[in-house]
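**Student:** Let me give you the structure first, and then I'll get to my questions.
The values are calculated or read from the model by the stated rules, or taken from the named source; none is laboratory data. The shown structure was predicted, so the numbers you read here are calculated from the model rather than taken from an experiment. Quick reminder, even Gly has a Cβ in these numbers, built from the backbone with ideal geometry, and neighbours come from all protein chains shown.
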């Protein structure tokens, strides 16, 4: 089942359950999917990789908003953002732990023969391609820096 069809089914379920937080998150996903499809100018569905990137972007945006609300002592606004993150993350592939990511990146560095911070771009490209969707870019970047220094 495609992500769009899955989202529509979940929207119906959330409407029946009167779950406003889930409904808002699901509608945001649907909206982003439609925008991504129309941005290309074709009616074709977007690729699975693009769907994962889109979902990660939505999660990142909401986490950042929640962090700002928390810093401003507004838990009433941060709570719904974090609840939406939980709903959106259900559609993402399982995330790897930092130890697993570090192991994979160490192998990439060994295989590519990279050394020093000058090789960071090369390692980041390889790591992002291999770990796409299973780890956040920020996590990958911090681990690559740690291992290359």
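**Student:** What residue, among those in segment 12-21 that are without any contact (Cβ under 8 Å) to a residue 60 or more places away in the chain and within 19 Å of residue 81 (Cβ to Cβ), is surrounded by the most Cβ atoms within 10 Å (Cβ to Cβ)? Before the answer, list the steps.
**Tutor:** So in segment 12-21, the residues without any contact (Cβ under 8 Å) to a residue 60 or more places away in the chain come out as 12-20.
In the following step, the residues that additionally are within 19 Å of residue 81 (Cβ to Cβ) were identified as 14, 19-20.
Details: 14: 19, 19: 16, 20: 12.
So the residue we want is 14.
**Student:** Moving to a separate point now. Given (1) on the phi < 0 side of the Ramachandran plot; (2) more than 11 Å from the chain's Cα centre (by Cα); (3) at pLDDT 90 or above, identify the lone condition not met by residue 91.
**Tutor:** Among (1) on the phi < 0 side of the Ramachandran plot; (2) more than 11 Å from the chain's Cα centre (by Cα); (3) at pLDDT 90 or above, residue 91 violates only (2).
**Student:** While we're on this one: Please go through segment 1-21 and give me each residue that is within 18 Å of the chain's Cα centre (by Cα) and outside any helix (DSSP H, G or I), ordered by number.
**Tutor:** Passing the criteria: only 2.
**Student:** Another question, if that's okay. Anything in segment 131-146 that is closer than 11 Å to residue 105 by Cα and at pLDDT below 85? List them, or say none.
**Tutor:** Across segment 131-146, the qualifying residue is only 131.
**Student:** Taking the condition in contact (Cβ under 8 Å) with a residue 40 or more places away in the chain, part of a helix (DSSP H, G or I), crowded, with 16+ Cβ neighbours inside 10 Å and not assigned by TED's automatic domain parsing to the domain that holds residue 135, does residue 24 pass?
**Tutor:** Here the answer is no, as residue 24 does not meet what is asked.
**Student:** Criterion first (modelled with pLDDT under 90, out of contact with any strand residue (DSSP E or B) (no Cβ under 8 Å at 6 or more places or on another chain) and under 20 Å from residue 89 (Cβ atoms)) does residue 4 satisfy it? Quick ask: steps written out before the conclusion?
**Tutor:** Values: modelled with pLDDT under 90: yes; out of contact with any strand residue (DSSP E or B) (no Cβ under 8 Å at 6 or more places or on another chain): yes; under 20 Å from residue 89 (Cβ atoms): yes.
It is true that residue 4 is modelled with pLDDT under 90, out of contact with any strand residue (DSSP E or B) (no Cβ under 8 Å at 6 or more places or on another chain) and under 20 Å from residue 89 (Cβ atoms).
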